[in-house]
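Notes follow the structure.
Each reported figure results from applying straightforward, stated rules to the coordinates on display, with no laboratory input. Here the structure is a predicted model, which is why all the values come from computation and not from measurement.
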Amino acid sequence: MSGRVYRLHSTLELPLEEVEEYFDSSPDLPPEIENVEVTRRNNTLILKAVAADDNLSKYTPTAQLKASVTENRVYEEEPPRAGGPRWGDEEEEEIPSELVEFACFKGDRETVLQNTALQYPMFLVLREIALIAEKGTLTAITETDGELDATRIVEGEKRPASIEVVENPSQNSQNGGGVNWRDNKFIS
């Protein structure tokens, strides 16, 4: 299978523990990927593809997914809102909570999915991770065997997606969304 990733945008967040459990459970990986190495460096999680093909040079960097790791407090129930009415001198009950580390796959293609060798198979791995994420979206335009494909996954659920090809994209937006540097009054 051959493919390319043209556009990708991700705002996925899921508990780090779920990502580790996913790879510990020996998931079905694309045939081009033998294994995925999970490495953590400080607050960065790196998922690196290990090629199944021995012909790929050991000096060729394979595709990797990069996520930032953050700690968030997760409450068992919704915490009370600040500034709400207080009745008497009631003792405030503490709501049970815990600190949970989250893997945040946020950004565009170059930020989340790096390196070109095995990039499309590693995108397929990211797509599977998106299906278990309860928060965030993954949108992408990919090509497989000459066909363009649109992907949109919102909060772990596949949603319809389409690709629109326009003859002149600047007709749909004012000024093409860019800055006219030649007639900018702030630059003399």
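Close amide H pairs (under 5 Å, H built 1.01 Å from N) link G156 with A133, residues at least 5 positions away or on another chain. The lysines whose alpha-carbon is closer than 27 Å to the alpha-carbon of K48, local same-chain residues fewer than 8 away aside, are K58, K66, K106, K135, K158.
Backbone phi angles across the stretch 36-45, fed through the Karplus curve with coefficients 6.51, -1.76 and 1.60 (θ = phi - 60°), yield HN-Hα couplings of 10, 7, 9, 10, 10, 10, 6, 9, 10, 9 Hz in residue order; Gly and Pro are listed as x.
Under 5 Å from the amide H of I33 lie the amide H atoms of A52, each residue being 5 or more positions distant or on a separate chain, with H modelled from the backbone and absent for Pro and chain starts.
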